[in-house]
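The values are calculated or read from the model by the stated rules, or taken from the named source; none is laboratory data. Note that the structure is a prediction, hence the values are computed from the model and not measured. Reconstructed Cβ throughout: ideal geometry from the backbone, glycine too, with neighbour counts over all protein chains shown. With ligands, DNA and RNA removed, areas are computed over all heavy atoms of the protein, side chains included. Shrake-Rupley method; radii C 1.70, N 1.55, O 1.52, S 1.80 Å.
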Amino acid sequence: MVDPFESRPSPKLVFGNGVMKELPNSIKELGITSVLLVTDKGIVKAGHVESTRALLEGEGIPVHVYDDVSENPTENDAAACCAFAKEIEFDGFLALGGGSSIDTAKACNFLLTNGGRMSDYHGYGKASKKMLPFIAIPTTAGTGSECQSYALVSREESHEKMACGDPKALARVAILDPDITDSQPRSVAVQTGIDALAHALEAAVSTKRTELSSMYSEAAFRHIVRAIDDIVDHSVQGDDRGHILLGAALSGLAIENSMLGGAHASANPLTARHDIIHGRAVAMMLPHVMRFNDQDPDASCIYSRYTSILSELDVSDKSLIDWVTDLTGRMEQIAFSADEEEIQQLATEAKQQWTGNFNPRPLELSDFVELYRAALALPEPA
Ligand SMILES: [Fe+2]
């Protein structure tokens, strides 16, 4: 029997090497006459902003550039982008960059069209007024933010991540051009690639999974596994960029139609309290959360199916969990430890993460403590 479900909309996906040149058409199709391009200084330095400006101005589309996006944008970052937006005339957003640029553009769209502060939109469906059309162009392959209706914005003081979602915040078009991901630093490619893998694997077993999200998760996994070994080993070649970029977008759609789970719930406090980069923190936790989830018969059955995919695609003969453990173990390791008091604090914050509620096995405080001990290879206290 197929369980009932409701699908969430997808942006129009425009995929392929060189599809950036389609951007002016997409802008015109949406009736946009002038854009606010939201980006960061690294993307300016890589030359993408100038080439995008030339492409659009060549088609008579004026471009205003906001290039002050910060990594892990906060409420104040969103407000600063909105203050800039209020001073100019435009009728559509264009985000060019990683998840932070895409999230900042979405957040600015909330504030500009609906007012208030980002905390007013924490949750889902709280924007009552129309929002401006928005096009997302990821330059890194990982977050899948281009396919999600949530802006992830941190609270100013605590750095707690708020997921602020609304169907109107979803990008209308996502331009997925592997050529423009060439400029991402190798360490960023590894961290975001592992994050995309974690999105596919957490959405695959989430209690919110549906027939449709499962289809997206599996398709995402099939693309990501073809590229991720090369990415982690810094030997990207051939179609790797296309596979990971498409896989990341499909993972985004998997999340949009389901949820994440324990690896993200336990990774977020590591980022908030210790500034550990999101993909790195997720990589620390993912194998341990998967071992924990493997005790759930349904999750274990899904993991077995994914093990068969690894073998079918000639990626690995190992079990899925062993393969993920090896893969994350090959990433550049970081020196991080925590005492018992800190482990308790991390576990307390992890337990409060909304996303943990959709893990296939319920996660109690003591489970998070065990997961952190396992991830940090700490012995049981005497
Ligand atoms: Fe993530």
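Among rounded, prolate and oblate, which fits the stretch 142-184 when a ≥ b ≥ c are the square roots of the eigenvalues of its C-alpha gyration tensor, a/c under 1.5 means rounded, and a/b larger than b/c means prolate?
It comes out oblate by the Cα gyration axes.
So if I take the alpha carbon set of the stretch 174-276, get Rg, then get Rh from the Kirkwood formula, what is the Rg over Rh ratio?
Ratio of gyration radius to Kirkwood radius for the stretch 174-276: 0.99.
Bin width 5 Å, alpha-carbon pairs only: give the P(r) of the stretch 185-375 as whole percents, running from 0 to the bin holding the largest distance.
1, 9, 17, 22, 22, 16, 9, 3, 1, 0
In whole Å, largest first, what are the principal axis extents of the Cα atoms in the stretch 227-287?
Its Cα atoms span 38, 29, 18 Å along the three principal axes.
Order these peptides, 225-235, 244-254, by their mean beta-carbon neighbour count within 10 angstrom, highest first.
Output ranking for 225-235, 244-254: 244-254, 225-235.
Figure the gain on full extension for residue 33 and residue 79 (residue separation times 0.36 nm, minus the Cα-Cα span) and round it to one decimal in nm.
14.2 nm
Using alpha carbons only, how many degrees (0 to 90, rounded to 10) separate the axis of helix 99-114 from the longest principal axis of the chain?
So the inclination is approximately 60 degrees.
Which of the GluC sites (Glu not before Pro) across the stretch 83-149 are loop residues per DSSP, with 10 or fewer other Cβ within 10 Å?
87, 89
Hand me the chymotrypsin sites (Phe, Trp or Tyr not before Pro) from the stretch 274-360 located in a DSSP loop with no more than 16 other Cβ atoms within 10 Å, in residue order please.
Within the stretch 274-360, the qualifying chymotrypsin sites (Phe, Trp or Tyr not before Pro) (loop, at most 16 other Cβ atoms within 10 Å) are 336.
Show me the GluC sites (Glu not before Pro) within the stretch 281-382 that DSSP assigns to loop and that have at most 15 other Cβ atoms within 10 Å of their Cβ.
Loop-located and lightly packed - 332, 364.
When each pair of different Cα atoms in the stretch 12-181 is counted once in the 1/r mean, what is the Kirkwood radius in angstroms, to one decimal?
Taking the inverse mean of 1/r over all distinct Cα pairs, the stretch 12-181 comes out at 15.6 Å.
Can you give the Rg to Rh ratio of the stretch 112-229, both from alpha-carbon atoms, with Rh computed by the Kirkwood formula?
Rounded to two decimals, Rg/Rh equals 0.99.
Quick one: with all protein chains in place, what share of the accessible area of the chain is carbon or sulfur, to the nearest percent (1.4 Å probe)?
The value for the chain is 49 percent carbon and sulfur by accessible area.
Could you pull out every one of the lysines with an alpha carbon less than 30 Å from that of residue 12, ignoring same-chain neighbours closer than 8 positions?
21, 28, 41, 45, 86, 106, 126, 129, 130, 161, 168, 208
By how many degrees, between 0 and 90 and to the nearest 10, does the Cα long axis of helix 278-293 differ from the longest principal axis of the chain?
Long axis of 278-293 versus the principal axis of the chain: about 40 degrees.
Over the chain, give the accessible area per residue in Å² for a 1.4 Å probe, as an integer.
Roughly 42 Å² per residue, with all protein chains present.
Rounded to two decimals, what is the ratio between the C-alpha radius of gyration of the chain and 2.2 N^0.38 Å?
Taking the Cα Rg and dividing by 2.2 N^0.38 Å, one obtains 0.95.
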